[in-house]
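These notes are about the structure you will find just below.
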Amino acid sequence: MEKDRISTRREFLTREFPGALGAFSVLASGCDTQSEGRKELLNKEVESLKQFFKNNYKCDVKARKFKPEELITIQGTELSLSEEKEMLSFLKKEFIKYPPEYINRCNLKELFILRALQRLGDEAQKTDTSGFTPTIGSLYIEAYSKLKNINKLVPWHEGVKLALIFHHELFHMADASDEITRFFDEDDDPWIACNPEGINAYDLNVRTKDFKNRPIGFMESYGLSAVREDQATVVQYVMVNLPRAYSMSRNDTVLNSKIEMCKNYFNTLSNGRMNEQYWHDLESGRVGEGYWK
Ligand SMILES: [Zn+2]
């Protein structure tokens with residue numbers, strides 16, 4: 001997910017998920033001004049959230065106090081203690097949509113949440129990005145960012161943006177993991193074959209930003225750029241707002257087939273735990289803490 005897509009993505013989000021990006025706010029500089037007592041309480045809450053990710057998913061989630069060498073070809077700044085608590089609480093709601101079996105198969109060992117993420121290229125060229133998987137095991141996602149021409153920081157977790165980034169990047173991670181027998185691949189015939197006739201899909205020369213509306217068969221125009229981005233954009237909406245994904249595909253049989261293929265993918269990779277019953281429960285909001293016990 002790169003920042004040059006965001007203008008299109010923002011338009012899409014605002015239209016399809018009203019309120020998703022509506023709540024912009026200016027953030028404090030990041031220093032905590034809480035009293036010592038408050039700080040101690042926050043520390044305890046953060047520690048217990050971290051334990052939750054560690055105990056249930058064997059994953060270290062960090063937004064502060066990491067060593068610079070832990071960042072691989074990426075740049076970003078730490079969050080404050082209160083921001084870390086807010087982000088971990090938010091992410092917990094997204095993590096619990098997955099059974100531990102799936103997260104383990106994704107090979108997610110550590111997740112960093114940073115402010116204003118930049119990817120460092122070979123030639124030291126920096127690219128803004130909202131999520132990145134540099135190696136098997138590590139995932140970086142952006143919590144706050146600066147949008148072009150808006151001199152305000154945007155907290156991604158307000159609305160659905162942070163959740164979309166998380167599910168999108170986690171899918172790429174699963175896709176890239178060597179230990180997984182690939183469910184989808186770039187030459188995945190059923191996926192490509194179901195696209196509408198005459199659509200110029202998966203062509204690097206297609207300027208996906210030029211699309212005002214989502215093309216038929218695609219969750220958003222960014223999906224036109226590559227098969228794996230098409231899959232990741234379908235997955236992100238299925239996981240964030242399944243009822244909305246269903247209603248978008250009601251009169252779109254191609255999109256409907258893609259949603260079903262993604263559900264089959266999850267069912268297979270979770271050893272059958274993300275089955276039809278799970279999708280009913282997710283749709284009706286019954287997947288919460290304790291669901292996988
Ligand atoms: Zn992507």
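Coordinate-derived values only; no laboratory data. Only a predicted model underlies this, so the values are computations on that prediction, with no experimental measurement involved. Neighbour counts are summed over all protein chains in view; Cβ atoms, including those assigned to glycine, are modelled from backbone coordinates with ideal geometry.
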Open item on the list: If a paramagnetic tag sat 7 Å from the Cα of K44 along the Cα-Cβ line, which residues of the stretch 72-101 would have the backbone N under 19 Å from that point?
Closed with: 81-86, 88-89
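Return the subset of K44/K126; K50/K212; K65/K258; K65/K126; K58/K161; K65/K92 for which the Cα-Cα distance in this structure is over 30 Å, preserving the input order. Walk me through the numbers on the way to the answer.
Numbers: K44/K126 36 Å; K50/K212 41 Å; K65/K258 40 Å; K65/K126 23 Å; K58/K161 25 Å; K65/K92 20 Å.
From the list (K44/K126; K50/K212; K65/K258; K65/K126; K58/K161; K65/K92), the Cα-Cα distance tops 30 Å for K44/K126; K50/K212; K65/K258.
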Open item on the list: For the ranges 277-287, 36-46, what's the packing order if you count other beta-carbon atoms within 10 Å of each residue, average per peptide, and put the highest first?
Closed with: 277-287, 36-46
- [ ] Would you mind checking which residues have amide H under 5 Å from V61's amide H? H placed 1.01 Å from N; only 5 or more apart, or other chain.
- [x] L111
Open item on the list: Which order do the peptides 68-75, 82-89 come out in when sorted by mean C-beta neighbours inside 10 angstrom, highest first?
Closed with: 82-89, 68-75
